[in-house]
Amino acid sequence: MNLPLNIDLQQILLHLFNFTILAFGLYLLLYNPVKKFMREREDYYLGLDQNAVEKLESAEGMEATYKEKLDKAEIEIAQMKAQAVKEAQEAADLVIEKAKKEAEDLLKDARDTAMREREKILADTQEEIASLAYTAAKRMVAQSATESLDQFLHAVKQE
């Protein structure tokens, strides 16, 4: 079968058949593997994205947990600090009260000692005054006796 312009229909059909085989071969050898590779790559990146989202959610959850723990720890620290301040204030109050008591005891002892010293000084002074009064009275009596004797003797002489 010869067509005008020297076209051979058998050659056209053979070329068409070869092109179909080539297209089918290329489809099997190139298109499917490339399509499969693209699908696997898309799945891989979707998996990475999903994994990143999960890790992000997990990290946000852990951050919230750690913030909560940190807040609790700060509250506990504040409570411990308040308790320590309270205990320190109580200890300081006890020390101050003890010092006041010791000061009162020292003042009391000092007053008692001063009173005893005063009483001792008064007793010594009274003894000394009594001794001086006795000595003065004795001298006055002796002087008075001497004067009386002198007067008597003087009166006897004049007689």
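Each row is one residue, and each column tells you yes or no for (1) open to solvent by 90 Å² or more (accessible area, probe 1.4 Å); (2) of a type in the set (Lys, Arg); (3) part of a helix (DSSP H, G or I); (4) in contact with a Phe, Trp or Tyr (Cβ under 7 Å, 6 or more places away or on another chain).
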position	(1), (2), (3), (4)
GLU63	yes, no, yes, no
LYS69	yes, yes, yes, no
GLU74	yes, no, yes, no
GLU87	yes, no, yes, no
GLU119	yes, no, yes, no
LEU122	no, no, yes, no
LYS138	yes, yes, yes, no
(message) Please count how many residues of segment 27-57 are polar (S, T, N, Q) and either modelled with pLDDT of 95 or more or outside any helix (DSSP H, G or I) (or both).
(response) 2
(message) Here is a check on your reading of the model: is LEU132 in a helix (DSSP H, G or I), open to solvent by 100 Å² or more (accessible area, probe 1.4 Å) and not polar (S, T, N, Q)?
(response) yes
(request) Could you tell me whether any residue of segment 96-112 is exposed (fewer than 10 other Cβ atoms within 10 Å of the Cβ) and at pLDDT below 95? (result) no
(message) Return the residues of segment 5-26 that are open to solvent by 100 Å² or more (accessible area, probe 1.4 Å) and either among the β-branched types (Val, Ile, Thr) or modelled with pLDDT under 90 (or both); say none if nothing qualifies.
(response) LEU5, ASN6, GLN10
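The values are calculated or read from the model by the stated rules, or taken from the named source; none is laboratory data. Keep in mind that this is a model prediction, so the values were computed, not measured. Don't worry about glycine lacking a Cβ; one is built from the backbone with ideal geometry, like all the others, and counts go over all protein chains shown. Each accessible area value is taken on the protein alone, full model and side chains, heavy atoms only, with ligands, DNA and RNA left out. Shrake-Rupley method; radii C 1.70, N 1.55, O 1.52, S 1.80 Å.
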